[in-house]
Amino acid sequence: MNKTPIRESELILNEDGSIYHLNLKPDDLASTVITVGDPDRVAQVSKHFDSIEVNVSKREFKTHTGRFRGKRITVISTGIGTDNIDIVFNELDALANIDFESRTIREKLQKLTIIRIGTSGAIQKDIPVDSFLASEAAIGFDNLLHFYGNTGFLETDLSEAFIKHTHWNPKKSDPYVVSADSSLLALFNSVEMKKGITATNVGFYGPQGRKLRLDLEDDDLNKKIGSFVYTGNRITNLEMETSGIYGMAKLLGHKAISLNAILANRANGTFSKQPQKTVERLIEYTLNKLTE
Ligand SMILES: O=P(O)(O)O[C@H]1O[C@H](CO)[C@@H](O)[C@H]1O
Ligand SMILES: O=c1cc[nH]c(=O)[nH]1
């Protein structure tokens, strides 16, 4: 074990001893963590808690830690995008696995259980708005994972087949595929929960094939993504964080699952008439499954 202290420019602590962006101290973190994109969704989750012991905010990162039916849970907002996932996951892991006094990695590493409750747009006609979908795997059109070593877990056969099928323009990115934690996939399984491969992109408009005033590089991108099938599995939905979450969780040794409230159906051109209600149902579903 390397006991050289991590330098002040790498492990950045605030004056009160909290970690740089999240403003949290190690004791503030529960071993079960729910991540949401929208800071307002944090209170939507924690309003179900019996008690809240931590309430901290900085930038887009809002955190509540409390108890739900006796189980200690942290709920934290990541904001939008895998660039924020890099910050949140490195800092959550530091809180769990680095001794802030000695600035060294702990001998015994803690494995966090991380559940994303997010919103997403389906690209398959048969996945209606207001349904739930668990991401069995994520294909990342962002490039976050390529900045790290030890990525032997990437499912390169799938990404190579995808690149070939879509004639992917390499100027966009080098797509990478990471699978979900299988025990969490089983925990959140039910007839209500659809499953599929989630595509994570670097934007909401052009990168997800949305056209307002701007021309797209490839008008057929979503169709090509939607027609890709690999060993019976298809890409079902688009959002902006899951590939980073799955990749960072695998690199750091944590368990992660991404649960999607489907608010848009891009193939049918529809959007939910009750987005808040659908997200609320997914929150209740998640909290119940965590404590069943
Ligand atoms: O609702 P959240 O969790 O933010 O997730 C989705 O919504 C945002 C875009 O509207 C992106 O972050 C996307 O991944
Ligand atoms: O279509 C959608 C809906 C929610 N979030 C996304 O990223 N895309």
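Values in this text are rule-based calculations from the coordinates and carry no lab data. From a predicted model like this one, the values you see are computed outputs, not experimental measurements. Quick reminder, even Gly has a Cβ in these numbers, built from the backbone with ideal geometry, and neighbours come from all protein chains shown.
Would you calculate a helix-derived [θ] at 222 nm for the chain, using -39,500 (n - 2.57) for each DSSP H run of n ≥ 4 and dividing by the full residue count, to the nearest 500?
-7500 deg cm²/dmol
Taking the alpha carbon gyration tensor of the range 26-291, what are the square roots of 5 times its eigenvalues, largest first, to the nearest whole Å?
Taking √(5λ) for each Cα gyration eigenvalue gives 30, 22, 16 Å.
Would you work out if the range 230-285 is rounded, prolate or oblate? Take a ≥ b ≥ c from the square roots of the eigenvalues of the alpha-carbon gyration tensor; rounded if a/c is under 1.5, else prolate when a/b is larger than b/c, oblate otherwise.
oblate
Give me, ordered by chain and number, the residues 5 or more places off Ile12 or on other chains with an amide H under 5 Å from its own placed amide H.
Tyr20
Quick check: from the Cα gyration tensor, does the range 139-184 come out rounded (a/c under 1.5), prolate or oblate?
Because a/c hits 1.5 or more and a/b fails to exceed b/c, the range 139-184 counts as oblate.
Compute the separation of the alpha-carbon centres of the range 204-282 and the range 164-199 and state it in Å as a whole number.
After rounding, the separation between the Cα centres reads 9 Å.
Using amide H atoms built in the peptide plane, which far-off residues or other-chain residues are under 5 Å from Leu112 H to H?
Correct list: Lys255.
For the chain, which longest stretch is free of loop sites, where a loop site is one of the chymotrypsin sites (Phe, Trp or Tyr not before Pro) that DSSP puts outside H, G, I, E and B and that has at most 16 other Cβ atoms within 10 Å?
By the stated rule (loop sites, at most 16 other Cβ atoms within 10 Å), 206-292.
Put +1 on the Cβ of every Lys and Arg and -1 on every Asp and Glu Cβ in the range 26-291; which of Phe89, Val36, Gly269 then has its Cα farthest towards the positive end of the dipole?
About the Cα centre, the residue reaching furthest to the positive side is Gly269.
At what distance in nm do the modelled label points of Val56 and Glu10 sit from each other, each positioned 7 Å from its Cα along Cα→Cβ?
Using points 7 Å along Cα→Cβ, the separation is 2.2 nm.
Whole-Hz ³J(HN,Hα) for each residue in the range 271-277, computed from phi via Karplus 6.51 cos²θ - 1.76 cosθ + 1.60 with θ = phi - 60°, x for glycine and proline: what do you get?
9, 3, 8, 9, x, 5, 5
Per residue of the range 180-194, in order, report the coupling 6.51 cos²θ - 1.76 cosθ + 1.60 (Karplus, θ = phi - 60°) as ³J(HN,Hα) in whole Hz, putting x for Gly and Pro.
Karplus-based 3J(HN,Hα) across the range 180-194 equals 6, 6, 5, 5, 6, 4, 5, 4, 8, 6, 5, 5, 6, 9, 6 Hz.
Evaluate the distance, in nm, between pseudo-label points positioned 7 Å from the Cα of Asn150 and of Lys164 along their respective Cα→Cβ axes.
If labels sit at Asn150 and Lys164, their model points lie 3.2 nm apart.
Read phi for every residue in the range 108-117 and hand back ³J(HN,Hα) as whole Hz from Karplus 6.51 cos²θ - 1.76 cosθ + 1.60, θ = phi - 60°, with x for Gly and Pro.
Calculated HN-Hα couplings, in order: 9, 8, 8, 9, 8, 9, 10, 10, 8, 10 Hz.
May I ask you to derive the relative contact order of the chain, considering only C-alpha pairs under 8 Å and at least 6 residues apart, and to give it as an integer percent?
23 percent
Would you list which lysines come within 26 Å of Lys171, measuring only between C-alpha atoms, while excluding same-chain residues fewer than 8 positions from it?
Within the straight-line cut-off, Lys171 pairs with Lys211, Lys223, Lys224.
Using Cα pairs closer than 8 Å and at least 6 residues apart in sequence, work out the relative contact order for the range 189-280, in percent.
27 percent
Can you flag which of Lys25/Lys58; Lys47/Lys194; Lys250/Lys277; Lys71/Lys111 are past 23 Å Cα-Cα?
Over 23 Å apart, Cα to Cα: Lys47/Lys194; Lys250/Lys277.
Measuring from label point to label point, each 7 Å out along Cα→Cβ, what is the Lys223 to Thr270 span in nm?
2.2 nm
Give the long-range amide H neighbours of Phe68: residues separated by 5 or more places, or on another chain, with amide H under 5 Å away, using H modelled in the peptide plane at 1.01 Å from N.
Residues meeting the criterion, in which the H sits 1.01 Å from N, are Asp50, Ile73.
Along the positive direction of the dipole of the chain (beta-carbon charges: Lys, Arg +1; Asp, Glu -1; about the Cα centre), which of Thr74, Gly253, Leu221 reaches farthest?
Leu221
Fewest first, what order do Thr242, Thr286, Thr4 take by the number of other Cβ atoms within 10 Å?
Thr4, Thr286, Thr242
Run the dipole for the range 44-203 about the Cα centre, Lys and Arg Cβ at +1, Asp and Glu Cβ at -1, nothing else charged, and hand back the magnitude in debye, nearest 20.
It comes to approximately 420 debye.
Quick one: putting +1 on the C-beta of Lys and Arg, -1 on the C-beta of Asp and Glu, what dipole do you get for the chain around its Cα centre, in Debye to the nearest 20?
Approximately 640 debye in magnitude.
Please label the shape of the range 15-74 as rounded, prolate or oblate, based on the square roots a ≥ b ≥ c of the eigenvalues of the alpha-carbon gyration tensor (a/c under 1.5 means rounded; beyond that, a/b larger than b/c means prolate, else oblate).
oblate
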